[in-house]
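Below you'll find the structure, written out as structure tokens, and then a few comments.
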Amino acid sequence: MTALAQELTDGVGAPDLDTTQIGPLANPTQFERVSRYMEIGKKEARLVIGGEPADIGTGAVLPTIFADVPDDATIVHTPPFSPTAICLSRPHG
């Protein structure tokens, strides 16, 4: 999954480019909302990859994976509308 997120990171860009796989969020308000949830996720779970704005000046966020996410985490119940995967913790056995 990390390799896929890294591959998608290479495809983050402006919507008018043929190489873009993931473009900017709809508007600055949505970008701010997603950024807040990314910060919450970093406190609640283990960040595997991403979790940051894309450094392309378009209001895009990098594909993100959070692991070891507890069932009661905010990002489980109110997930950010962004390229984010949330991997829950489950007991073994």
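If the condition is being under 28 Å from Leu17 (Cα atoms) and surrounded by fewer than 16 Cβ atoms within 10 Å (Cβ to Cβ), then segment 34-44 contributes only Arg36.
From the list Leu4, Leu47, Leu17, the lone residue that is among the aliphatic types (A, V, I, L, M), open to solvent by 60 Å² or more (accessible area, probe 1.4 Å) and in a strand (DSSP E or B) is Leu47.
For segment 1-60, filtered to residues that are acidic (Asp, Glu) and under 11 Å from the mean Cα position of the chain (by Cα), the residue that is farthest from Leu88 (Cα to Cα) is Glu52. Out of the residues in segment 20-31 that are part of a loop (DSSP other than H, G, I, E, B) and either out of contact with any Phe, Trp or Tyr (no Cβ under 6 Å at 6 or more places or on another chain) or at positive phi (or both), which is surrounded by the most Cβ atoms within 10 Å (Cβ to Cβ)? Here the answer is Pro24.
Taking the criterion of being hydrophobic (A, V, I, L, M, F, W, C), open to solvent by less than 70 Å² (accessible area, probe 1.4 Å) and within 19 Å of Thr9 (Cα to Cα), the residues of segment 64-86 that qualify are Ile65, Phe66, Ala67, Ala85, Ile86.
Can you name every residue in segment 50-63 that is small (Gly, Ala, Ser) and either in contact with a Ser or Thr (Cβ under 7 Å, 6 or more places away or on another chain) or open to solvent by less than 60 Å² (accessible area, probe 1.4 Å) (or both)? Of everything in segment 50-63, those that are small (Gly, Ala, Ser) and either in contact with a Ser or Thr (Cβ under 7 Å, 6 or more places away or on another chain) or open to solvent by less than 60 Å² (accessible area, probe 1.4 Å) (or both) turn out to be Gly50, Gly51, Ala54, Gly59, Ala60.
The values are calculated or read from the model by the stated rules, or taken from the named source; none is laboratory data. These numbers were taken from a predicted model, which means no experiment stands behind them. Please note: Cβ atoms are built from the backbone with ideal geometry, for glycine as well, and neighbour counts cover all protein chains shown. For the accessible areas, the whole protein counts, side chains as well, though only heavy atoms, and no ligand, DNA or RNA atoms are used. Shrake-Rupley method; radii C 1.70, N 1.55, O 1.52, S 1.80 Å.
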